Amino acid sequence: MNILVVEDEKNLADAIVEILNSNGYNAEATYDGTSGLEKAQSDAYDAIVLDVMLPGMDGREIVHELRRAGKSTPILMLTALSSTKDKVDALDAGADDYMTKPFESDELLARLRALTRRKGEVVIDEVKFEDITLDLTTHDLSCKDRKVHLSGKEFEVMNMLMTSNTRVVSKQDLLTKVWGADADASENSVEAYISFLRKKLQHVNSKVQITTLRMLGYRLEYFEN
Ligand code: CA
């Protein structure tokens with residue numbers, strides 16, 4: 001889920017981005033009102049965290065502009081003051097919710113969850129690629145009526161490959177994203193897991209294969225017949 005953070009206090013903006021990114025969101029910050037509005041209009045975001053007092057363009061004006069243009073992206077306003085007038089102004093302008101600074105990260109996360117739920121967004125609980133489906137809750141990989149359970153790392157590797165569709169995923173990318181700070185992991189670990197996954201794809205009788213592209217990495221390919 002993509003979140004845009006518009007906040008001119010750079011430290012705060014970056015801290016919010018970090019909190020969101022470490023909680024499964026894909027957040028990015030912009031530090032002034034003008035570029036905030038520009039980005040917000042792009043439709044690339046599922047929600048916007050928006051400060052009121054901004055250089056370039058005021059947060060309330062941004063909400064107003066977006067709503068006037070028919071954009072319904074959920075907006076969480078950040079207000080420095082806890083005066084009732086500030087909150088009323090934020091909501092009147094078309095924001096969905098407001099939060100007074102300073103705030104706890106738990107509150108930010110809870111409010112964002114509520115906002116994105118309110119939008120009626122369906123929680124994605126599976127990823128599909130050609131004839132295979134990966135259940136994000138149970139970690140089962142299935143193809144038609146056959147199913148196999150994936151271990152933690154197998155699941156993460158498969159999830160990355162499937163969400164990349166037919167794009168190439170490099171070994172280094174897999175290593176960083178799946179193994180992270182695990183110093184013992186190496187490219188051999190990636191190769192081992194790729195081979196486990198190949199066996200599991202065969203096990204469920206899928207026509208999807210993990211192709212190795214020398215020096216580049218891996219990608220999924222569908223072989224009809
Ligand atoms: Ca500000």
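The values are calculated or read from the model by the stated rules, or taken from the named source; none is laboratory data. The model shown is predicted, which means the values in this text are computed figures rather than measured ones. These accessible areas exclude ligands, DNA and RNA; they are computed on the full protein's heavy atoms, side chains included. Shrake-Rupley method; radii C 1.70, N 1.55, O 1.52, S 1.80 Å.
Some observations on this one:
- If you wrap the Cα atoms of the chain in a convex hull and average its projected area over all directions, you get 14.9 nm².
- Equivalent ellipsoid of the range 35-131: semi-axes from √(5λ) of the C-alpha gyration tensor, largest first, are 26, 17, 11 Å.
- Which of 76, 12, 216 is most accessible, then next, and so on - probe 1.4 Å: 216, 12, 76
- Shape of the range 1-71, Cα gyration tensor, a/c cut at 1.5: oblate
- Plainly put, the range 31-72 has a radius of gyration that is 0.91 times its Kirkwood radius, both from alpha-carbon atoms, as the Rg/Rh ratio.
- Legend: residues 53, 99, 215, 1, sorted from most to least accessible area (1.4 Å probe; ligands, DNA and RNA excluded), read 215, 53, 1, 99.
- The chain - percent relative contact order, Cα under 8 Å, separation 6 or more: 12 percent
- Shape index of the range 68-194: Rg/Rh, with Rg the Cα radius of gyration and Rh the Kirkwood radius from the inverse mean 1/r over Cα pairs, equals 1.15.
- Value of Rg/Rh across the range 148-225 [Cα atoms, Kirkwood radius]: 0.95
- Helix-only mean residue ellipticity at 222 nm for the chain, each DSSP H run of n ≥ 4 adding -39500 (n - 2.57), per residue, nearest 500: -11500 deg cm²/dmol
- Flagged links, alpha-carbon separation over 30 Å, of 128/171; 39/101; 10/171; 39/177; 177/199; 128/199: 10/171
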